[in-house]
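Working notes, beginning with the structure itself.
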Amino acid sequence: MNLKKILKFARKNYILTVFFLAILFVGFVASYKLFVSKPTYVYAKVKVGQGLWWAATQRPPVWLVNSINKGDVSYGLLGSPQAQILSKRYYRFYGSDQYDIYLTMRLKAGFNKKTGEYTFNRSVLSVGSPVDIQFPKEDVTGMVIALSKKPFEDKFVTKTITLTKKYAYPWEFDAIKPGDSTFDGEDKIFEVLDKATIDTTNFSFDPFGNSGAGITEQTRYITVKAKVKLREVNGQLALGEDQLV
């Protein structure tokens, strides 16, 4: 008797019935994805910035470098991890207070078996695509520069190099100290091993660019021996992620 009443009510209120069945179907699909289907995880390298490779935008400042931490996790609505920062590398851009920041991340992504496409936050995830991830203490935007099903296995090579500079001031040579090094957040990538100098002279110039007659100033020819850690990229060597040497 109760079943007949339910069927009668459903026929009279077919719009409400269709709406209820649609909600039931969506709930079933969502429950299947959350509790039954196995999530897909991919590994991505992200260059922090505006997010479009062809746009020349300002590089991140030091406060953003300090805000991003290795191990930070972004969680979904139900508390499941959606993104995790596995490594952070940063390099100060020459002559500025800006940095190139590179993150290695583990992302929970959707996968389309027919097209082979990955998606993250309802957007296609591929090399060159922008990403925007909200972590508990910072918002990270950037561009995907590498994507892999497995953790990245970067190969590093250590080289000994010699750097030179002509017409350097004496204080430049004094400021260089053997043992000085540069740390990129994960590894020591540059270390001064030794230095040498030869005294030279250089003509001085007035504010108009004219050489002072017979006026010279003491300068130095500096050579620096250093150890640098480089990453192999398709048979080439790179400092960081994309600066070929």
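Taking only the C-alpha atoms, wrap a convex hull around region 144-183 and report its volume per residue in Å³ as a whole number.
Looking at region 144-183, the number lands at 159 Å³ per residue.
Using a 10 Å cut-off on Cβ atoms, rank the peptides 129-135, 179-185 from the highest mean neighbour count down.
129-135, 179-185
Between ILE15 and TRP53, what FRET efficiency comes out of the Förster formula 1/(1 + (r/R0)^6) with R0 = 35 Å and r the beta carbon distance, rounded to 0.05?
Here the calculated transfer efficiency is 0.10.
Would you please give the FRET efficiency between LYS177 and THR40, computed as 1/(1 + (r/R0)^6) with r the Cβ-Cβ distance and R0 = 41 Å, to the nearest 0.05?
0.25
Cα atoms only: what Rg and Dmax, in Å, come out for region 98-205?
Over region 98-205's Cα set, Rg and Dmax evaluate to 22.7, 70 Å.
Could you give me D for region 80-148, from Stokes-Einstein at 25 °C and 0.890 mPa s, where the hydrodynamic radius is the Kirkwood radius over C-alpha pairs? Units µm² s⁻¹, please. Don't skip to the end; give the middle numbers.
Numbers: Rh = 13.6 Å.
Answer, rounded: 181 µm²/s.
How do ARG92, ARG122, ARG220, ARG106 rank by accessible surface area computed with a 1.4 Å probe, from largest to smallest?
On the way: ARG92 150, ARG122 225, ARG220 55, ARG106 80 Å².
Ranked list, largest accessible area first: ARG122, ARG92, ARG106, ARG220.
Going by the alpha-carbon gyration tensor, a ≥ b ≥ c the square roots of its eigenvalues, is region 48-168 rounded (a/c under 1.5) or, if a/c is not under 1.5, prolate (a/b greater than b/c) versus oblate? Don't skip to the end; give the middle numbers.
Values: a/c = 2.03, a/b = 1.71, b/c = 1.19.
Prolate, since a/c reaches 1.5 and a/b exceeds b/c.
The values are calculated or read from the model by the stated rules, or taken from the named source; none is laboratory data. Predicted model only: the values in this text are computed from it and were never measured. Virtual Cβ from ideal backbone geometry, glycine too; neighbours counted across all protein chains shown. Ligands, DNA and RNA are stripped out before the accessible areas are found, and what is left, the full protein with its side chains, is counted by its heavy atoms. Shrake-Rupley method; radii C 1.70, N 1.55, O 1.52, S 1.80 Å.
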